[in-house]
1. Specify the residue that is farthest from the chain's Cα centre (by Cα); the eligible residues are those in segment 16-52 that are assigned to a loop (DSSP other than H, G, I, E, B) and among the hydroxyl-bearing types (Ser, Thr, Tyr).
2. What are the pairs, 6+ residues apart or on separate chains, where a residue within segment 23-35 that is closer than 11 Å to Ala125 by Cα has its Cβ under 8 Å from a residue that is in a loop (DSSP other than H, G, I, E, B) and of a type in the set (A, V, I, L, M, F, W, C)?
3. May I ask you to list the residues in segment 58-76 that are assigned to a strand (DSSP E or B) and not aromatic (Phe, Trp, Tyr)?
4. Name the one entry in Leu12, Leu55 that is assigned to a strand (DSSP E or B), surrounded by 17 or more Cβ atoms within 10 Å (Cβ to Cβ), in contact with a Cys (Cβ under 8 Å, 6 or more places away or on another chain) and aliphatic (A, V, I, L, M).
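Values in this text are rule-based calculations from the coordinates and carry no lab data. Please read all numbers here as calculations on a predicted model, not as lab measurements. Reconstructed Cβ throughout: ideal geometry from the backbone, glycine too, with neighbour counts over all protein chains shown.
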Amino acid sequence: MDDPQKMNNEDLKKKLSPEAYAVCHLGETESPFSGKYYHNKETGMYQCIVCGHDLFSSDTKFESGSGWPSFWDPANKENVELVDDDSAGMHRTEVRCKNCGSHLGHVFDDGPNPTGKRYCINSVALNFMPKKK
């Protein structure tokens, strides 16, 4: 994969769809219930669409009813960065790819056990790699 640290805005615009660029680079949010991975039930790994970093496993995916793919834990906590976000008139915790800094979504404290977390992630920020059979 291309080194995301060396990619400029034009390179990112060429690599990503307009919606993925808006979400990953500008911090926007895709419409609820519109993402291609919202209903995905396959087994595998969700990766950052920009850099390919492993982010979330299907083993932690759950149906939250929120309209976005939701996970109760990252595949590896070292691969995500949590950042205070006071935009949109409220305090939230933003989730970013630690490798390339792409905006992924937000994490909330209303998820299931064992973590109680709901990582609410935009489908367009992800690429899914099915588990090999």
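1. Filtering first and then ranking leaves Thr43.
2. Here the result reads Cys24/Leu16; Cys24/Ile49; Cys24/Val50; His25/Leu16; Glu30/Trp68; Gly35/Trp68, each pair linking segment 23-35 to a residue that is in a loop (DSSP other than H, G, I, E, B) and of a type in the set (A, V, I, L, M, F, W, C).
3. If we filter segment 58-76 for residues that are assigned to a strand (DSSP E or B), which is where we start, we get 61-62, 70-71.
Lys61, Ser70 - these are the residues of segment 58-76 that are assigned to a strand (DSSP E or B) and not aromatic (Phe, Trp, Tyr).
4. On the way: Leu12 fails: assigned to a strand (DSSP E or B).
The unique qualifying residue is Leu55.
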